[in-house]
Amino acid sequence: MKYALVTGGSRGIGRAVATGLASQGYHVLINYRSNDEEARLTLEQLSSAGGTGTLMKFDVGDPAEVDRAIGKWSDEHRDEYIEVLVNNAGIRKDILLMWMEDSHWKEVLDTNLGGFFYVTRALVKNMLVNRYGRIINIVSLSGIKGLPGQVNYSAAKAAVIGATKALAQEIGKKNVTVNAVAPGYIRTDMTKDLNENELKGMIPLNRFGTPEEVAEVVCFLASAKASYITGDVISVNGGLYT
Ligand code: NAP
């Protein structure tokens, strides 16, 4: 059995990625933080399409929780390893910098950047030992361009882009690739407070994207077909200038 871990797989982009990877034959470990009902729905959706998966509840921003969950899985799967990691779990807490409290900064950095670090560190060794692995980090247009009201989120996503490029150079020789996918405006719970009708005018394709449109790119990068792409950032943003 081949294993893939999708962090934040219970909803939105993560759910579409989990479903896509399952249809590529992966047993998908669906991570989430708190929303048991949505996670169960993702597992149901993936199973009814003929795939298999397991729910894995932990906070990616808490190193002790990450190590406990991954350690438990490894103890129970001694001869196996997770060959695809999609670091997708993310939150935003938008506010102008002058009003930003420590908690706004810390929570966004812990989840979006800390999550990448803790989970990747826990899995990368076995990818290197097995001389095959795919790491895909979901970043954002905000991390490339910067967006007002999102200094915390833009900083976290830009940091993950830097980390993607650095790690790709560290581990390329072992046939492990590391790439980032940068969505623009995608219809999920994260953007449900935004007015698509107002914002779509600045998007050349004149609409928000769907989670499935992001998942297609992620699943390609996760496949063996993407064997000569590493350290790159691919935008999925309907043509928004980056
Ligand atoms: P979403 O619908 O809000 O879903 C977020 C997912 O992340 C949920 O599964 C949530 O789990 C999980 N999560 C949040 N904090 C977590 C933590 N500490 N530990 C584990 N899981 C955690 O978000 P989305 O729109 O699909 O976004 C997915 C990724 O794409 C994020 O990294 C986001 O920054 C990025 N992105 C999104 C857009 C967009 O327009 N939607 C644009 C650019 C980038 P629970 O269900 O348990 O809460």
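The values are calculated or read from the model by the stated rules, or taken from the named source; none is laboratory data. Bear in mind the structure is a predicted one, so any value in this text is a computation, not a measurement. Every residue, glycine among them, receives a Cβ derived from its backbone with ideal geometry; neighbour counts consider all protein chains shown. For accessibility, only protein heavy atoms count, side chains too; no ligands or nucleic acids. Shrake-Rupley method; radii C 1.70, N 1.55, O 1.52, S 1.80 Å.
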Could you order M1, M56 by accessible surface area, starting with the largest, using a probe radius of 1.4 Å?
M1, M56
Taking just the alpha carbons, could you work out the radius of gyration and Dmax for the range 16-86, both in angstroms?
12.3, 34
The value for the range 1-138 (convex hull of the alpha-carbon atoms, volume per residue, Å³) is 104
Between I135, I203, I82, find the one with the highest GNM mean-square fluctuation for the chain; connect C-alpha pairs within less than 10 Å.
I203
Return the ratio Rg/(2.2 N^0.38 Å) for the range 113-242, where Rg is computed over Cα atoms only.
1.11
Can you tell me the accessible area per residue over the chain, all protein chains present, probe 1.4 angstrom, in square angstrom?
49
I'd like to compare 32-41, 207-216, 139-148: which one has the highest average count of other Cβ atoms within 10 Å, and what's the full order after that?
139-148, 207-216, 32-41
Once you've got the GNM for the chain with C-alpha springs shorter than 10 Å, pick whichever of L29, L194, L167 has the biggest mean-square fluctuation.
L194
Solvent-accessible surface (1.4 angstrom probe) belonging to W105, in square angstrom, nearest 10
110
Please report, in whole Å, how far the alpha carbons of the chain spread along each principal axis, starting with the longest.
51, 37, 36
Hey, what's the Cα Rg ratio for the range 55-124 versus the globular rule of thumb, 2.2 N^0.38 Å?
1.31
Net charge near I161, counting Lys/Arg +1 and Asp/Glu -1 over other residues with Cβ under 13 Å of its Cβ?
+2
In the neighbourhood of V60 defined by beta carbon distances under 10 Å, the net charge of the other residues (Lys, Arg +1; Asp, Glu -1) is -3
Exposure of Y132 as accessible area (Å², to 10), given a probe of 1.4 Å and all protein chains
50
Using a Gaussian network model on the chain with a 10 Å cutoff between Cα atoms, which of R78, R131, R15 fluctuates the most?
R78
Suppose only helical runs count, i.e. DSSP H with n ≥ 4. What mean residue ellipticity at 222 nm does that imply for the chain under -39500 (n - 2.57) per run, divided by all residues and rounded to the nearest 500 deg cm²/dmol?
-13000 deg cm²/dmol
